[in-house]
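Asker: The structure's right below; bear with me while I get my questions together.
The values are calculated or read from the model by the stated rules, or taken from the named source; none is laboratory data. Worth saying up front: this structure is predicted, and the values here are computed from it rather than measured. Cβ placement follows ideal geometry from the backbone for every residue including glycine, while neighbour counts extend to all protein chains displayed. SASA here: full protein model, heavy atoms, side chains in, ligands and nucleic acids out. Shrake-Rupley method; radii C 1.70, N 1.55, O 1.52, S 1.80 Å.
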Amino acid sequence: MKAAVRYVYGPIDSIKVIDIPIPEPKLDEVRIKVMATTVNRTDLGVLTGKPYLMRAFAGFPKPRFPVTGTDFAGVVDKIGENVSGFSVGDRVWGFGDNGSATHAEFVCFSTRKAILPIPDGIDFPQIVACAEAAHYAINFLNKVKLNPGAHVLLNGGTGAIGSAAIQLLKAQGIRVTAVCHQVDVEKVKALGPDRVIALEKEDFTQEKTEYDFVFDAVGKSRFSLCKPILKPGGIYISSELGPSWENLTLALTTPIFSQKKVVFPLPTDILSSMKTIQDLVIQGKFRPMIDRTYTLNQAKEAFTYVASGKKIGNVILKIA
C-alpha cells in the first residue's frame, strides 16, 4: 500500500510517499480502507516533534508510527478476532491525537479508541473534517461556564478550530463576535456569528465592548492585549502556549492575582467529542469548513499549505 512516511521527527521535506506492507489487525483492531483524512496542526506537531512536549505523547526518541496522520474516514476491511460491534463493510471514522498512521491506504485502529460508525447521508470528507479541530474546539469551550446570552470574542474565525467553535457556541445560544481577515468576512458570516470584525479595519483589542470570554483560536494574540476587553471574572484561552509558554504560567498565576484569568485547557475524551459533533451534524447544526483537497501523493504539498498558516478550515487528503 502507499503511505506518507518519515522515520524520525523532522521537517516536511522528510515525508516520502512510498509502498509499505499492508498492516494486519491485532485482536482488538479493525483494518480500515482509508477514503479520506485531514492534514492538520496536530499532524504538524507529530511530524516535527515540536513543541518538544509532543514527543512525550507521540513517541520518544522517534515517532511511534512512521506513517503520518491522526484521523480517518473509511470502510472496515478486516476485523481482529476479539472485535465485536463492527463488521467488514462498515463505514467508520476516528481520531487519535498522538498519531495514528492514517495517511495511508489502510490503517489498523483499536476499537477501544475513538472510532464511530458514519451515519447515512454523510460523506467521508465531511465527517473526517469533524475530527481534530472540532475535538479541540469542544475541549476549549467546555472549560468555560457560559450561560445563554454570554458574549464571546473569537479570534480566528476561518481556522478549523475557530470555524468549529463559532457553530458550537451558537448552538448553545451564545453571542459571538468573530475576527478574521477582510477577504474571509462573508465565509465567516455564513457560520452564524452575531458580528464579524475584519482585522485589517479594526483592532479588536481596542474595543469598547467587554466580553465574558476571549478565545484566541489561532494563538496570535496575548492575554496582556486582550485583558482590557474582558469583563471582571472574564476568561482568556489560546490554542497555543504563547511566547515562552506564557499561557501555561498565566493559567497558574492569574486565578490568584487577577479578576481576569487565563485557562490552559487539556483536551480529553475524544470519543465524547466525536459523538457530540456527529449529533450536531445529523441535526444540521454543524458544517465543517473545508478549504482544499489533496491526494495522498500530494501529502508534502498539503503539509506545506497547512504550515503556511493560510488555510481556511480543514485540509482534506483524499486517499481512495
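Asker: May I ask you to evaluate 6.51 cos²θ - 1.76 cosθ + 1.60, the Karplus curve with θ = phi - 60°, for each residue of segment 262-274 and list the ³J(HN,Hα) values in order in whole Hz, giving x for glycine and proline?
Answerer: 9, 10, 10, x, 10, x, 9, 6, 4, 4, 4, 4, 4
Asker: Suppose only helical runs count, i.e. DSSP H with n ≥ 4. What mean residue ellipticity at 222 nm does that imply for the chain under -39500 (n - 2.57) per run, divided by all residues and rounded to the nearest 500 deg cm²/dmol?
Answerer: Mean residue ellipticity, 222 nm, calculated: -7000 deg cm²/dmol.
Asker: Another question, if that's okay. If amide H atoms are built 1.01 Å from N in the plane of the peptide, which residues on other chains or at least 5 residues away come under 5 Å of the amide H of Gly234?
Answerer: Amide H to amide H, under 5 Å and 5 or more residues apart or across chains, Gly234 pairs with Lys261.
Asker: Separate question: Could you go through segment 23-33 in sequence order and give the Karplus-derived ³J(HN,Hα) for each residue, using 6.51 cos²θ - 1.76 cosθ + 1.60 with θ = phi - 60°, rounded to whole Hz, and x for Gly and Pro?
Answerer: x, 9, x, 6, 4, 9, 10, 10, 9, 10, 7
Asker: Further, regarding this structure: Note the count of lysine pairs whose C-alpha atoms are less than 24 angstrom apart in segment 138-243, limited to pairs 8 or more residues apart or on different chains.
Answerer: 27
Asker: Label segment 208-320 by shape, choosing from rounded, prolate and oblate, from the square roots a ≥ b ≥ c of the eigenvalues of the Cα gyration tensor; if a/c is under 1.5 it is rounded, and otherwise prolate applies when a/b is larger than b/c, oblate when it is not.
Answerer: prolate
Asker: Label points 7 Å out from Cα along the Cβ direction at Lys113 and Glu200: separation in nm?
Answerer: 4.2
Asker: What is the angle, in °, between the Cα long axis of helix 132-141 and the longest principal axis of the Cα atoms in the chain? Nearest 10 is fine, range 0 to 90.
Answerer: 30
Asker: In nm, to one decimal, how far is the Phe257 label point from the Thr293 one, both placed 7 Å along Cα→Cβ?
Answerer: Modelled inter-label distance: 5.2 nm.
Asker: Could you give the distance between the Cα centres of segment 274-302 and segment 186-261, to the whole Å?
Answerer: About 26 Å separates the Cα centre of segment 274-302 from the one of segment 186-261.
Asker: For segment 291-308, just list the computed ³J(HN,Hα) in residue order, Karplus coefficients 6.51, -1.76 and 1.60, θ = phi - 60°, integers in Hz, with x standing in for Gly and Pro.
Answerer: 8, 10, 10, 10, 8, 4, 5, 9, 4, 4, 5, 5, 4, 4, 5, 4, 5, 5
Asker: Ok, one more. For the chain, build the charge dipole from Cβ charges (+1 Lys, Arg; -1 Asp, Glu) around the Cα centre, then report which of Met35, Met289, Met54 sits farthest towards its positive end.
Answerer: Met54
Asker: Which percentage, to the nearest 5, of the DSSP beta bridges contained in the chain is antiparallel?
Answerer: That works out to approximately 55 percent antiparallel.
Asker: Which one is right for this structure if P(r) over Cα pairs in 10 Å bins from 0, in percent is calculated from it: [x] 6, 27, 34, 23, 10, 2, 0; [y] 5, 21, 28, 23, 14, 6, 2, 0, 0; [z] 6, 28, 37, 23, 5, 0?
Answerer: [x]
Asker: Then there is this: Counting heavy atoms of the protein chains only and a 1.4 Å probe, report the per residue accessible area for the chain as a whole number of Å².
Answerer: 45
Asker: DSSP beta bridges in segment 28-186, what fraction antiparallel, as a percent rounded to 5?
Answerer: 80
Asker: OK, next. Calculate the spin-label point distance for Asn82 paired with Thr249, positioning each point 7 Å from the Cα along the beta-carbon direction, and give it in nanometres.
Answerer: 4.6
Asker: Something else about it: For segment 4-155, take the convex hull of the Cα atoms, compute a quarter of its surface area, and give me that in nm², please.
Answerer: Taking the Cα atoms of segment 4-155, their convex hull projects to 11.3 nm² on average.
Asker: Probe radius 1.4 Å, ligands and nucleic acids ignored: give me the carbon and sulfur share of the accessible area of segment 184-320 as a rounded percent.
Answerer: 52
Asker: Also, I was wondering about something else. Given a Förster distance of 25 Å, report the FRET efficiency between Leu225 and Phe57 from their Cβ-Cβ distance, rounded to the nearest 0.05.
Answerer: So the FRET efficiency works out to roughly 0.25.
Asker: For the chain, take the longest principal axis of its alpha carbons; what is the angle in degrees between that and the long axis of helix 246-257, to the nearest 10 within 0 to 90?
Answerer: Value to nearest ten degrees: 40.
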